[in-house]
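**Q** Mind looking over this structure? Questions follow.
None of the figures in this text is laboratory data; all of them are computed from the coordinates on show. The shown structure was predicted, so the numbers you read here are calculated from the model rather than taken from an experiment. Here the Cβ is made from the backbone with ideal geometry for all residues, glycine too, and neighbour counts use every protein chain on show.
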């Protein structure tokens, strides 16, 4: 009963909202059944298509960099014989920080007038960079923050996998004359395919739902250069008060997430079975 109350009822209510136009009159909700209106709005929503593309670029670039850095850090830290626990603790600090603190810190660092990044650039005799105000750099700047924030998450998953690798296999490869490069690409990475699939799956799902960093750093600007689907949904719901259309957007995002999760689970199972 509790499960039905907390999951099924909200979903059914969301479906009902998605085919309705909701207004307010005399402190009461007025629901009008208009299923075609919201679907027409979805087809005509240019900002949604832009936000979907931005989200795709954000997810692909950020997650790819995070997987590469996380794997590299996991292998390097696992090979350290001393202070391994201290290094691991320092590396996971970013994921322990509140999103508001992260957004405020990086917004100050990116500041055009007094940010530390531009101070370094101007000290080299170069012109300051408008990190968050340039349409060509804003999304890249947000991706940098996401990489800094979530690479430790990937590192933790992959570090546990590296620590669990069979030592005898690695030692046998070393005895056979395998170099470090061959050891990584022919022994370690193939053995870590299941962990890599899990890390990739979790991070892509979370990256597609990114909101905090974009909202705090750019609010989708300049223009629509950093508009993502979660931020667009927030604006539709809470700024434009289009609750029916917002519900339809929510269902579209939920459906895409479930479909991607299903495909990702199938891929992870296939990789793990090899």
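**Q** Using helices alone, I'd like the mean residue ellipticity at 222 nm for the chain: each DSSP H run of four-plus residues gives -39500 (n - 2.57), total over residue count, nearest 500.
**A** So the calculated ellipticity at 222 nm is -21000 deg cm²/dmol.
**Q** Then there's this: How big is the stretch 35-106 on each of its three principal axes, counting only the C-alpha atoms and giving the largest first in Å?
**A** Sorted from largest, the Cα extents of the stretch 35-106 read 64, 25, 22 Å.
**Q** Going 7 Å from the Cα of residue 80 in the Cα-to-Cβ direction, what parts of the stretch 175-197 have a backbone nitrogen less than 14 Å from that spot?
**A** none
**Q** Is the shape of the stretch 1-67 rounded, prolate or oblate, going by the alpha carbon gyration tensor and its root eigenvalues a ≥ b ≥ c, with a/c under 1.5 for rounded and a/b larger than b/c for prolate?
**A** oblate
**Q** If you don't mind, another one. Can you pull the one-decimal nm distance between simple spin-label points at residue 113 and residue 60, each 7 Å off the Cα toward Cβ?
**A** Distance between the two pseudo-spin positions: 3.8 nm.
**Q** Can you give the FRET efficiency to the nearest 0.05 for residue 185 and residue 104, using r as the Cβ-Cβ distance and R₀ = 45 Å?
**A** Result of the calculation: an efficiency of 0.65.
**Q** Given labels modelled 7 Å from the Cα in the Cβ direction, how far is it in nm from residue 238 to residue 15?
**A** According to this spin-label approximation, the distance is 2.7 nm.
**Q** Using Cα atoms only, what is the angle between the long axis of helix 35-44 and the major principal axis of the chain, expressed in degrees (0 to 90) to the nearest 10?
**A** Taking the Cα atoms of the chain, the angle to 35-44 is about 50 degrees.
**Q** Could you give the nm distance between label points at residue 122 and residue 45, where each point is 7 Å from its Cα heading toward the beta carbon?
**A** Label at residue 122, label at residue 45, 4.1 nm between them.
**Q** Among rounded, prolate and oblate, which fits the stretch 152-229 when a ≥ b ≥ c are the square roots of the eigenvalues of its C-alpha gyration tensor, a/c under 1.5 means rounded, and a/b larger than b/c means prolate?
**A** Note, shape of the stretch 152-229 comes out prolate.
**Q** Something else about it: Counting only C-alpha contacts under 8 Å and six or more residues apart, can you give the relative contact order of the chain as a whole percent?
**A** 30
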